[in-house]
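Each remark here refers to the structure printed beneath this line.
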Amino acid sequence: MIISHTHKFIFVKTVKTAGTSIEGFLSPHCGPDDVLTPIFPPLEGHEPRNYEGAVRPISEILRIPFGPVSAWRHISSQRQRFYRHMPAWLVRVRVPATIWNGYFKFCVDRNPWDKVLSHYHMTAHRQGGELSLDQYLRRGKLPINYPRYTDSFASRIIVDRVVRYENLIDELAAIFARLNIPFEGTLGIRAKGEYRADRTPYQSVFTPEQRQLVQRIFAREIELHGYRF
């Protein structure tokens, strides 16, 4: 996650959407007072800074008194002021209104079936390759992103733009031009791309049952962005 006072933007990091690559590209363009949260594993050239600080969970909870219990639990469980997959609604609570209202806020999301398959390959790789797709799906720990860019009720988008991963470079080019960030059509890094050696299209991988499971779990993202299998 990045808050750039230099270029007046907030980048909300989602899961399996080139977020680490985008952070790595943006890092050299950020100033000493900007907020850059750590990347795991660390990425060469990316220098985390200004992300630590005191948090006051009780006062934050009181600022969203009608929020769901899940939001209150989320606030109570975090001890860093800013962190890598921090949801936009909590960023809004922790920055001055002038920053939230005045900065351009963006993130990226992705076709759920493609995103799930990418996340599966990463998970299987980290566990030595001994994980089937069915086993992965049964765990239920899937890359659901919409709570990171909607309000605490997950009912409406609160960032200025949700970039489509499928059109990543063109949409980022438009955003970077708006922010006066030089861009030559490539991020210059493909972080975590080593996890997925098999590039078989997701349409040829999922069984009908697996397809329907993903469709059910990611119904909100499909509704928000009109994704289709």
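The values are calculated or read from the model by the stated rules, or taken from the named source; none is laboratory data. On a predicted model such as this, the values are computed, not experimentally measured, just so you know. Here the Cβ positions follow ideal geometry from the backbone for every residue, glycine too, while neighbour counts run over all protein chains shown. We work out accessible area using only protein heavy atoms, side chains counted, and drop any ligands, DNA or RNA first. Shrake-Rupley method; radii C 1.70, N 1.55, O 1.52, S 1.80 Å.
Using Cα pairs closer than 8 Å and at least 6 residues apart in sequence, work out the relative contact order for region 114-206, in percent.
Relative contact order here is 29 percent.
Just to confirm, what accessible area per residue do you get for the chain at 1.4 Å probe, in whole Å²?
That works out to 51 Å² per residue.
Taking amide H positions as placed in the peptide plane 1.01 Å from N, state which residues far from residue 151 in sequence (5 or more) or on other chains have amide H under 5 Å from it.
Hits under the 5 Å cutoff: 156, 158.
How many percent of DSSP beta bridges within the chain run antiparallel, rounded to 5?
Antiparallel bridges make up about 50 percent of those DSSP assigns within the chain.
Roughly speaking, what % of Cα-Cα pairs in the chain are separated by over 22 Å, rounded to a whole number?
55 percent
Would you kindly find the accessible area of residue 151, with a 1.4 Å probe and non-protein molecules such as ligands, DNA and RNA excluded, rounding to the nearest 10 Å²?
20 Å²
By how many nm would the segment from residue 209 to residue 135 lengthen if fully extended, with 0.36 nm per residue of separation less the alpha-carbon distance?
25.3 nm
Normalised by the residues of the chain, what does the relative contact order come to in percent, with Cα pairs under 8 Å and at least six apart?
Taking the mean separation of contacting Cα pairs over the length of the chain, I get 25 percent.
When the accessible area of region 138-185 is split by element with a 1.4 Å probe, what percent falls to carbon and sulfur?
45 percent
Give me the count of lysine pairs in the chain whose alpha carbons sit under 15 angstrom apart, restricted to pairs 8 or more positions apart or on different chains.
Qualifying lysine pairs in the chain: 9.
Could you pull out every residue, at least 5 positions away or on a different chain, whose amide H is within less than 5 Å of the one on residue 9? Hs are placed 1.01 Å off N in the peptide plane, and Pro or chain starts have none.
The list, which skips near neighbours in sequence, is 4, 104.
HN-Hα J couplings of region 100-114 from phi, Karplus 6.51/-1.76/1.60, θ = phi - 60°, integer Hz, Gly and Pro as x?
Karplus values, whole Hz, x for Gly and Pro: 4, 7, x, 9, 7, 10, 8, 8, 10, 9, 8, 3, x, 5, 5.
Among 111, 91, 80, which residue has its Cα furthest toward the positive end of the charge dipole of region 80-119, with +1 on Lys/Arg Cβ and -1 on Asp/Glu Cβ?
The one lying farthest along the dipole's positive direction is 80.
Report, to the nearest 10°, how far helix 208-217 tilts away from the longest principal axis of the Cα atoms in the chain, using its own Cα long axis and a range of 0 to 90°.
For 208-217 against the chain, the angle is about 20 degrees.
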